[in-house]
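> Here it is, the structure, as structure tokens.
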Amino acid sequence: MSDTSEYSEITYVVAERVATVTLNRPEARNGYTVTMADELAAALDRADADADVRVVVLTGAGKDFSVGADLSQGGFDFDAEHGPGEHWQEPAGRCSKRIFLMNKPVIAAIAGAAIGGGITITLSADYRLASADARFGFVFVRRGIYPEGASAWFLPRLVGLGTAMDWMISGRVFDAEEAARAGLVHSLHPREELLDRAYELAREIIENTAPVSVAVTRQLLYRMSALDSPLPVHALDSTLIGGLTSNSDAIEGVVSFLQKRPPEWTLRVPEDIPGHLPWADGSRHEEKP
């Protein structure tokens with residue numbers, strides 16, 4: 001097990017190939033701040049670069065996952081007269097965008113309130129597991145502000161445009177059962193079992209899947225599924241499948257299946273991800289927060 005103490009508003013712990021990133025302002029119900037955004041970006045960078053980390057679990061300390069932007073000081077975190085600087089990025093999107101760019105699966109374990117930025121930061125996660133008493137809300141219009149975290153892109157892809165319109169235009173808070181029915185969360189669990197279920201899912205991924213295959217697959221889904229034609233997707237599929245005869249993990253996957261034994265993957269993330277992918281030309285780094 002390893003942990004780092006350089007963070008002030010999150011914690012970062014690695015154990016059994018899982019990096020657990022915890023929002024750690026329980027006294028403020030994990031209200032989201034620019035400092036928290038900075039630390040989440042650094043922690044996700046760290047997890048993505050560590051070949052020994054296979055899965056990230058994102059959770060919150062205390063009663064709530066996050067009640068969204070911390071407005072306790074009565075305003076927003078930039079100069080009111082002059083606005084943000086030229087290269088400023090809104091804080092929730094820094095997290096959701098970084099998760100979007102990950103090569104490792106991210107499981108969000110959400111207990112209690114996940115409101116505003118407290119839910120938008122998780123929309124690009126591979127899984128969202130929630131406690132049965134969780135509550136959600138895209139409450140921006142009730143504060144006179146606008147959706148952030150690139151949620152207008154992510155949310156309709158998860159729940160459909162009609163549901164996204166309802167939740168965002170009304171700004172109403174809704175319960176875990178409605179979130180599950182709509183597909184915002186994958187499963188509901190008693191609060192005391194939530195993290196155990198998240199780690200159980202992480203172990204299943206670690207024990208049964210190849211890390212490079214997972215990295216490529218999650219990016220294929222995100223970057224190719226919205227294209228207006230399957231033809232460029234099939235062209236990339238053909239390149240990837242055509243290279244399998246020299247892919248040691250593909251060979252091991254077949255051999256281990258035939259021999260009825262657990263696979264032993266040798267390719268590592270990020271160093272063994274194919275360099276010919278359309279998003280592997282350096283633009284990925286420019287997109288990072």
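> Give the long-range amide H neighbours of Phe138: residues separated by 5 or more places, or on another chain, with amide H under 5 Å away, using H modelled in the peptide plane at 1.01 Å from N.
Amide H neighbours of Phe138, under 5 Å, 5+ apart: Gly116.
> Separate question: So what's the convex hull volume per residue for the Cα atoms of the chain, in Å³?
Convex hull volume per residue, Cα atoms: 151 Å³.
> At a probe radius of 1.4 Å, what is the per-residue accessible area of Lys63, in Å² to the nearest 10?
That residue has around 140 Å² of solvent-accessible surface.
> Taking H placed 1.01 Å from N in the peptide plane, check which residues at least 5 places from Val55 or on another chain put their amide H under 5 Å from its amide H.
Ala19
> Return the Cα extents of region 153-289 along principal axes one, two and three, sorted largest first, each rounded to a whole Å.
Extents along the principal axes, in whole Å: 53, 39, 29.
> Evaluate the relative contact order of region 190-289 (contact order divided by residue number), counting alpha-carbon pairs under 8 angstrom at least 6 apart; express in whole percent.
Reported as a whole number, the value is 34 percent.
> Only Cα pairs within less than 10 Å get springs; with that Gaussian network setup on the chain, which residue of Ala111, Ala41, Ala152 has the largest fluctuation?
Looking only at Ala111, Ala41, Ala152, the largest GNM fluctuation is found for Ala152.
> Hey, what's the chain come to in accessible area per residue, 1.4 Å probe, Å²?
50 Å²
> With a 1.4 Å probe and all protein chains in place, put His189, His234 in order of accessible area, largest first.
His234, His189
> For region 240-279, what size does the Cα cloud have along each of its three principal axes, sorted from largest down, in whole Å?
Between the extreme Cα coordinates on each principal axis of region 240-279 lie 35, 21, 13 Å.
> Find how many whole Å separate the alpha carbon centroid of region 151-190 from the alpha carbon centroid of region 218-269.
If we compute the Cα centre of each part, the gap is 31 Å.
> Then there's this: Output the peptides 85-96, 215-226, 236-247, 26-37 sorted from most to least packed, where packing is the average of other Cβ atoms within 10 Å over each peptide's residues.
Result, highest mean first: 26-37, 85-96, 215-226, 236-247.
> With point charges of +1 on the Cβ of Lys and Arg and -1 on the Cβ of Asp and Glu, referenced to the Cα centre of the chain, which listed residue (Thr245, Thr35, Val185) lies farthest in the positive direction of the dipole?
Most positive-ward Cα: Val185.
> Note down the accessible area of Arg203, probe 1.4 Å, to the nearest 10 Å².
110 Å²
> Output the relative contact order of the chain, whole-number percent, from Cα pairs under 8 angstrom with separation of 6+ residues.
Dividing the mean separation by the residue count of the chain yields 16 percent.
> With θ taken as phi - 60° and the coefficients 6.51, -1.76 and 1.60, list the Karplus ³J(HN,Hα) couplings across region 211-225 in order, rounded to whole Hz; mark glycine and proline as x.
3J(HN,Hα) across region 211-225, in whole Hz: x, 5, 4, 5, 4, 5, 5, 5, 6, 4, 4, 5, 8, 10, 5.
> In addition: Any chance you could list P(r) for region 223-264, counting all Cα-Cα pairs in 10 angstrom bins from zero, rounded to whole %?
Reading the bins upward from 0: 26, 32, 27, 15, 0.
> Can you list the residues, at least 5 places off or on another chain, whose amide H is less than 5 Å from the amide H of His189, using H built in the peptide plane?
The list, which skips near neighbours in sequence, is Ala130, Ser131, Ala132.
The values are calculated or read from the model by the stated rules, or taken from the named source; none is laboratory data. In this text, all values refer to a predicted model and were calculated from it rather than measured experimentally. Quick reminder, even Gly has a Cβ in these numbers, built from the backbone with ideal geometry, and neighbours come from all protein chains shown. Just so you know, the surface numbers come from the protein's heavy atoms only, side chains and all, with ligands and any DNA or RNA stripped out. Shrake-Rupley method; radii C 1.70, N 1.55, O 1.52, S 1.80 Å.
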